[in-house]
Amino acid sequence: MIGILTSELKLSPKQIGATIELLAAGNTVPFIARYRKEATGSLDEVQIRAIEERASQIKELESRKKTILDSIESQGKLTEALKSQIEGCQNKTVLEDIYLPFKPKRRTRAMIAKERGLEGLAELILKQGAGDLQTAASAFVNPEKEVPDVAAALNGAQDIIAEIAAETPEIRSFVRKTYEDKALISSKKNDDITEPTKFEQYYAFKEPLSQIPSHRFLALARGERENVLRLNFEIDSQECLPFMARHFSLNKSSLFAQSLEQALSDGYKRLLSPSIETEVRVAMKMKADRGAIDIFAQNLRNILLAAPMGAKSVIGIDPGLRTGCKCAVVFETGKFVDNETFYLTSGADSLQRAKKTFLGLVEKYKPFAVAIGNGTAGRETETAVREWLKDAKHDSILVVSVSEAGASVYSASEIAREEFPNLDLTVKGAISIARRLQDPLAELVKVEPKAMGVGQYQHDVYQPLLEKKLGEVVESCVNQVGVELNTASAPLLSYVAGIGGTVAKNIVSYRDEKGAFTSRQELKKVPGIGPRTFEQAAGFLRIRGATNPLDGSAVHPERYEIVEKIAQDLGVAIQSLVGGLAQDINIAKYVSADVGAETLRDIVDELKKPGRDPRSAFERQEFREDVNAIGDLKKGMILNGVVTNVTAFGAFVDIGVHQDGLVHISELSDKFVTDPSTVVSAGHRLKVEVLDVDVVRKRISLSARIGKAGKDPAATPQRSSQKPQLKPVSRSTFGTFGDLLRR
């Protein structure tokens with residue numbers, strides 16, 4: 001395994017061996033990446049997870065090999081050569097090809113033909129020896145075995161040959177590669193579709209399978225699943241039949257050649273092509289799924305690591321027209337204290353009552369900010385609140401539009417019911433909106449990642465893989481930032497390395513019963529936290545204001561002794577090292593067999609800025625006050641926006657009109673862009689120009705190329721009256737240019 005991983009991942013055997021050993025011992029990925037750098041050679045989480053995933057695949061392959069060997073042996077067909085071939089195989093697809101002829105299956109036409117005694121005739125045809133085909137076949141006619149004539153005998157023999165050809169590993173590999181390289185995927189509209197659909201661009205669509213991007217393949221698959229489209233894989237059989245003929249050494253001069261050709265053609269059309277097409281479809285689907293999941297994961301990471309406003313009091317508002325705007329007051333600690341409802345209905349009296357209700361909360365609790373959900377009536381509510389605060393001379397209070405994606409999912413969740421058993425769902429939503437402004441990560445971990453709406457086709461992809469990947473992202477973000485032990489909720493604590501849901505609840509229960517934790521060591525008194533759990537989790541938990549200042553830092557308790565030694569050598573208290581004299585430490589002096597320079601550098605960096613938050617500083621987004629709905633948009637408008645979602649084909653941007661606009665990949669930059677995530681990310685602030693507005697379909701087309709959209713001189717070269725001087729183009733140059741044109 002180490003040899004395979006070394007070759008594939010381009011890492012040293014020592015790094016891979018140490019990582020596998022640490023994982024096998026039950027260490028978590030965040031813990032290994034942060035606190036075992038000497039062992040792994042400073043591998044990051046991405047590299048460690050790559051080792052973990054590929055090692056798991058290799059173990060699964062070895063397990064599958066054993067199952068296959070046992071199956072073939074039980075049939076009495078396992079030879080030493082076959083055993084050696086299976087044991088040496090390192091590719092799951094090739095392994096299944098080898099096993100296919102021996103794999104138990106339902107009765108096939110070839111099996112029936114063998115039962116009728118026609119295997120000998122099939123062997124004669126394959127050998128293409130001397131003699132006459134009709135004479136050879138007549139010897140196998142046997143009415144008692146349901147072989148009444150020569151034609152029946154030949155048909156049965158050809159069925160056997162067809163299955164042999166379809167199950168030959170070398171042929172399957174060639175046909176599979178041909179499909180991957182040369183097949184076209186096409187789609188047409190189903191005849192019974194008469195109404196407009198979102199798949200109209202695919203009604204007469206065709207593209208090489210090797211070039212189709214993940215989002216387009218998933219769109220086609222969804223159209224097929226919704227019975228709007230009919231998909232087809234197109235490939236010329238002459239790409240494959242000559243190879244099959246060569247494999248079986250077809251001799252055109254033989255009297256058996258025609259029968260062999262017919263058998264191979266039948267095997268390709270009836271068995272091989274449908275089988276390989278299914279395989280390729282599945283492989284393409286998994287490839288597209290992985291592409292979509294990677295995009296979702298990156299978007300989620302950016303959303304979770306969005307800048308927090310911090311410990312400030314907030315009034316959260318869940319806007320609504322019919323049901324009213326629900327207000328929730330949340331203190332600096334995130335504690336909910338009060339709520340009200342006001343209605344932005346027509347009429348001066350109604351608006352005056354709404355203003356009085358809202359300003360009453362403001363006067364009573366004096367919030368630092370007001371967080372307003374960006375859903376229906378969000379901009380109307382934001383406009384009204386700004387006017388009310390201005391009239392009441394409360395201009396210093398921030399008014400911030402906050403994404404409410406997933407807020408309704410949280411409100412109806414078991415977590416919300418446990419937190420606020422007696423509150424209305426919409427009030428819970430307002431609380432969540434307020435807390436999202438204070439600390440997006442701490443609040444968003446309570447929402448199922450799939451409900452965040454920051455991916456593409458997340459409901460179409462393989463759900464176990466999606467859930468695993470998104471869980472890893474949340475775990476990574478939580479441990480990267482660190483968790484305040486005395487204020488964190490159980491859902492947030494559950495993502496800390498080594499803890500999990502049950503222990504997280506135990507921590508909260510202990511805290512509620514005994515009061516705030518005063519040291520990390522006190523964690524050992526919580527039920528379920530043994531030495532291993534403490535080792536994994538302690539470094540990611542913070543206790544601000546603890547007696548030992550290191551408890552508020554990312555320095556692991558197992559390294560406190562080193563810090564104490566450093567402080568003793570410098571003749572100062574540990575408190576003086578934290579944020580003070582850390583820059584005076586000579587790292588080389590403390591390197592030992594147990595603690596290397598990497599760990600010591602991390603310790604010194606942490607002492608300089610203990611408990612530092614890796615997230616960026618908070619900035620509020622301002623939208624144009626005169627643009628509140630899609631009907632207010634005009635072509636050519638320049639607007640501020642926030643990227644809400646990055647896909648393979650572009651980025652969706654919130655411009656404050658309830659409907660995100662799309663900046664197509666071609667409009668993201670003046671330069672050629674192959675991957676939108678290299679230019680923008682979720683939460684990215686962007687200035688955009690309105691290209692087009694479709695009010696009926698609620699589609700907004702935007703450009704980040706301000707003043708240049710559709711005007712790129714390189715895209716529309718000027719005509720010249722002079723005849724161009726052509727120069728020879730090398731094959732390699734043309735290949736590169738051809739790739740660019742296709743893209």
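General observations
- Of all the numbered requirements in (1) modelled with pLDDT under 85; (2) within 30 Å of A682 (Cβ to Cβ); (3) not β-branched (V, I, T), G579 misses one, and that requirement is (2).
- Among the candidates K145, K127, residue that is out of contact with any helix residue (DSSP H, G or I) (no Cβ under 9 Å at 6 or more places or on another chain) and surrounded by fewer than 17 Cβ atoms within 10 Å (Cβ to Cβ): K127
- Number of residues in region 544-565 that are free of Cβ contacts under 8 Å to residues at least 60 places away in the same chain, within 33 Å of the chain's Cα centre (by Cα) and either in a loop (DSSP other than H, G, I, E, B) or within 24 Å of S592 (Cα to Cα) (or both): the value is 2.
- Sub-6 Å Cβ pairs linking a first residue in region 81-98 that is without any contact (Cβ under 8 Å) to a residue 40 or more places away in the chain to a second residue that is among the charged types (D, E, K, R) and surrounded by 11 or more Cβ atoms within 10 Å (Cβ to Cβ), at least 6 apart or interchain, are I86/K65, ordered by first then second residue.
- When we screen Y510, Y462 for residues that are over 27 Å from the mean Cα position of the chain (by Cα) and either in the same structural domain as P30 (by TED's automatic domain parsing) or of a type outside the set (D, E, K, R) (or both), the only hit is Y510.
- Residues of region 10-19 that turn out to be assigned to a helix (DSSP H, G or I) and surrounded by fewer than 16 Cβ atoms within 10 Å (Cβ to Cβ), as a count: 2
- Only residues that are polar (S, T, N, Q) and touching a Ser or Thr at 6+ places or on another chain (Cβ under 7 Å) were counted in region 169-207, giving 0.
- Considering region 148-168, and only residues there that are in a helix (DSSP H, G or I) and among the polar types (S, T, N, Q), the residue that is surrounded by the fewest Cβ atoms within 10 Å (Cβ to Cβ) turns out to be N155.
- Complete set of residues in region 355-397 that are among the basic types (K, R), closer than 14 Å to F342 by Cα and out of contact with any helix residue (DSSP H, G or I) (no Cβ under 6 Å at 6 or more places or on another chain): K356
- Residue count for region 20-51 under the criterion of being within 23 Å of V555 (Cβ to Cβ) and part of a helix (DSSP H, G or I): the result is 14.
- Note on region 183-204: residues that are touching a Pro at 6+ places or on another chain (Cβ under 8 Å) and not hydrophobic (A, V, I, L, M, F, W, C) amount to 0.
- Enumerated strands (runs of 3 or more DSSP E) restricted to region 599-690, each holding at least 1 residues that are under 25 Å from the mean Cα position of the chain (by Cα) and on the phi > 0 side of the Ramachandran plot: 650-654
- Taken over region 327-365, the residue count meeting the criterion of being part of a strand (DSSP E or B) and of a type in the set (F, W, Y) is 2.
- For region 33-57, filtering for residues that are polar (S, T, N, Q), under 11 Å from E598 (Cβ atoms) and free of Cβ contacts under 8 Å to residues at least 40 places away in the same chain leaves 1.
- The single condition among (1) free of Cβ contacts under 8 Å to residues at least 60 places away in the same chain; (2) under 26 Å from R301 (Cα atoms) that A573 does not meet is (2).
- Looking only at region 208-232, residues that are touching a Ser or Thr at 6+ places or on another chain (Cβ under 8 Å) and within 19 Å of E279 (Cα to Cα) come to 5 in all.
- Filter result for S214 (of a type in the set (S, T, N, Q) and buried (at least 20 other Cβ atoms within 10 Å of the Cβ)): yes
- From the list A292, A263, the one residue that fits, being among the aliphatic types (A, V, I, L, M), at pLDDT 95 or above and touching a helix residue (DSSP H, G or I) at 6+ places or on another chain (Cβ under 7 Å), is A263.
- When residues of region 566-581 are limited to those that are of a type in the set (G, A, S) and outside any helix (DSSP H, G or I), the one farthest from the chain's Cα centre (by Cα): G571
- Complete set of residues in region 264-285 that are under 33 Å from the mean Cα position of the chain (by Cα) and not hydrophobic (A, V, I, L, M, F, W, C): S273, P274, S275, E277, T278, E279, R281, K285
- The residues on offer are V478, V496, V454, V400, and the sole one that is in a helix (DSSP H, G or I) and in contact with a helix residue (DSSP H, G or I) (Cβ under 9 Å, 6 or more places away or on another chain) is V478.
- In region 582-598, of all residues being over 16 Å from T40 (Cα atoms), outside any loop (DSSP other than H, G, I, E, B) and not hydroxyl-bearing (S, T, Y), the one that is modelled with the lowest pLDDT corresponds to A582.
- Count of region 333-356 residues which are closer than 20 Å to V400 by Cβ and either touching a residue at least 24 places away in the same chain (Cβ under 8 Å) or aliphatic (A, V, I, L, M) (or both): 9
- When R281, R230 are checked against the criterion of being among the basic types (K, R), within 29 Å of V473 (Cα to Cα) and either in a helix (DSSP H, G or I) or in contact with a helix residue (DSSP H, G or I) (Cβ under 8 Å, 6 or more places away or on another chain) (or both), a single residue qualifies: R281.
- The set of residues in region 314-329 being surrounded by fewer than 20 Cβ atoms within 10 Å (Cβ to Cβ) and in contact (Cβ under 8 Å) with a residue 24 or more places away in the chain consists of L321, T323.
- The residue list V503, V496, V481, V526 contains one member that is modelled with pLDDT of 95 or more, within 26 Å of the chain's Cα centre (by Cα) and closer than 23 Å to T333 by Cβ, which is V496.
- Qualifying position, being at pLDDT below 90 and over 18 Å from the mean Cα position of the chain (by Cα), among A434, A407, A392: A407
- Residue under evaluation G117, criteria (1) surrounded by 14 or more Cβ atoms within 10 Å (Cβ to Cβ); (2) touching a Phe, Trp or Tyr at 6+ places or on another chain (Cβ under 8 Å); (3) within 19 Å of L264 (Cβ to Cβ), criterion not met: (3)
- Pairs with Cβ under 9 Å, 6+ apart, first in region 466-482 and more than 14 Å from P440 (Cα to Cα), second among the polar types (S, T, N, Q) and in a helix (DSSP H, G or I): V473/Q298
The values are calculated or read from the model by the stated rules, or taken from the named source; none is laboratory data. Just so it is clear, the model here is predicted, and its values are computed rather than measured. Positions of Cβ are generated from backbone atoms using ideal geometry, with glycine treated the same way; all protein chains shown enter the neighbour counts.
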